[in-house]
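Colleague: Please see the structure below; I have some questions.
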Amino acid sequence: MRITLDNPASAPQPLSPYYSQVARVEQADGSALLFVSGQIAEGATLAEQSRGVFETIAALLRAHGATLADVINIRTYLTDIAQLEEYGAVRREFLTGTPPTSMTFEVPRLFRPEARIEIEVVAAVPARRGPERDDQLMAVCEGFVRTADGTLDRGPRDRRDD
C-alpha cells in the first residue's frame, strides 16, 4: 500500500497550507481510494456554493484519474438543515448515477463565516488496464513473461518428477 498526500496544481488550491486536499491510498492491485478533504466555495446562495464545491471536487478527482461517478461516500455539513432540499437539487445535478453512501449534518458554523456548506468525499478508482498494468501484475505473478506478440505467457516451467 502506498499513500500520497496531494494538492493537484490542476485544481483550485487549498485555502490554507496546513492541509492536503487529497489522500490517495494505492492498493496492490493498482486500484486506489481517494479521500478528498472538506471543500467550501464562494457564492451568495447555498446552491451557488454547492455547485462550486462539486466543481472543485470534480477537479480534484480528475487530477487523480477519477470522476464524480467514482464517489462511494459523501459527507455534507450544512449550517441550515432547512436548506437541505436546495442542496439536494444541486447534488443530483452532479451525482447522477447510483447514489453513494451519505451522511448529512447540521453544524452551527464552518471555519469560514460566509460558508454555508462543506463537503468531503471518498472515491474508489479501479485499477488501470493495459500493457503497463499487465507488466506490473507480472512482477507479482512469478514466472509470467510478455511474448513477442504482446500477450502474457507463463514462460518456461520447472517440471518436478515426484
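The values are calculated or read from the model by the stated rules, or taken from the named source; none is laboratory data. This one's a predicted model, so the numbers in the text were calculated from it and none came from an experiment. Note that we place each Cβ from the backbone using ideal geometry, even for glycine, and neighbour counts take in every protein chain shown. Side chains are part of the model used for accessible areas, which takes the heavy atoms of the whole protein and leaves out ligands, DNA and RNA. Shrake-Rupley method; radii C 1.70, N 1.55, O 1.52, S 1.80 Å.
Colleague: Could you give every pair whose Cβ atoms fall below 7 Å, whose first residue belongs to segment 97-116 and is within 16 Å of Ile72 (Cβ to Cβ), and whose second residue is open to solvent by 70 Å² or more (accessible area, probe 1.4 Å) and in a strand (DSSP E or B), counting only separations of at least 6 or pairs across chains?
Modeller: Matching pairs, first to second residue: Pro100/Ile72; Thr101/Ile72.
Colleague: Hey, among Leu61, Leu5, Leu33, which residue is farther than 25 Å from Val107 by Cα, open to solvent by less than 30 Å² (accessible area, probe 1.4 Å) and either modelled with pLDDT of 95 or more or part of a strand (DSSP E or B) (or both)? Walk me through how you get there before you give the answer.
Modeller: Working: Leu5 fails: open to solvent by less than 30 Å² (accessible area, probe 1.4 Å); Leu33 fails: open to solvent by less than 30 Å² (accessible area, probe 1.4 Å).
Result: Leu61 is the single residue among Leu61, Leu5, Leu33 that is farther than 25 Å from Val107 by Cα, open to solvent by less than 30 Å² (accessible area, probe 1.4 Å) and either modelled with pLDDT of 95 or more or part of a strand (DSSP E or B) (or both).
Colleague: In segment 103-125, what residues are part of a loop (DSSP other than H, G, I, E, B) and touching a helix residue (DSSP H, G or I) at 6+ places or on another chain (Cβ under 6 Å)?
Modeller: Scanning segment 103-125 gives a single hit, Arg116.
Colleague: Looking at segment 49-64, can you tell me whether even one residue there is free of Cβ contacts under 8 Å to residues at least 60 places away in the same chain, farther than 23 Å from Leu5 by Cα and not polar (S, T, N, Q)?
Modeller: Checked against the condition, which is being free of Cβ contacts under 8 Å to residues at least 60 places away in the same chain, farther than 23 Å from Leu5 by Cα and not polar (S, T, N, Q), segment 49-64 yields at least one hit.
Colleague: Would you mind stating whether Ala66 is of a type outside the set (Asp, Glu) and either part of a loop (DSSP other than H, G, I, E, B) or out of contact with any strand residue (DSSP E or B) (no Cβ under 7 Å at 6 or more places or on another chain) (or both)?
Modeller: yes
Colleague: Give segment 15-30 a look and list any residue that's touching a residue at least 24 places away in the same chain (Cβ under 8 Å), of a type in the set (S, T, N, Q) and surrounded by fewer than 16 Cβ atoms within 10 Å (Cβ to Cβ), or say none.
Modeller: Of everything in segment 15-30, just one residue is touching a residue at least 24 places away in the same chain (Cβ under 8 Å), of a type in the set (S, T, N, Q) and surrounded by fewer than 16 Cβ atoms within 10 Å (Cβ to Cβ), namely Gln27.
Colleague: Pull up segment 36-58, narrow it to residues that are among the polar types (S, T, N, Q) and not in a helix (DSSP H, G or I), then point me to the one that is surrounded by the fewest Cβ atoms within 10 Å (Cβ to Cβ).
Modeller: Thr45
Colleague: Quick one: Pro12 ticks every box in (1) open to solvent by less than 70 Å² (accessible area, probe 1.4 Å); (2) at pLDDT 95 or above; (3) over 21 Å from Pro126 (Cα atoms); (4) not charged (D, E, K, R) except a single one, so which number is it?
Modeller: With respect to (1) open to solvent by less than 70 Å² (accessible area, probe 1.4 Å); (2) at pLDDT 95 or above; (3) over 21 Å from Pro126 (Cα atoms); (4) not charged (D, E, K, R), Pro12 is out only on (2).
Colleague: When the residues of segment 68-92 are filtered to those that are open to solvent by 30 Å² or more (accessible area, probe 1.4 Å) and free of Cβ contacts under 8 Å to residues at least 24 places away in the same chain, which remaining residue is nearest to Glu118 (Cα to Cα)?
Modeller: Leu84
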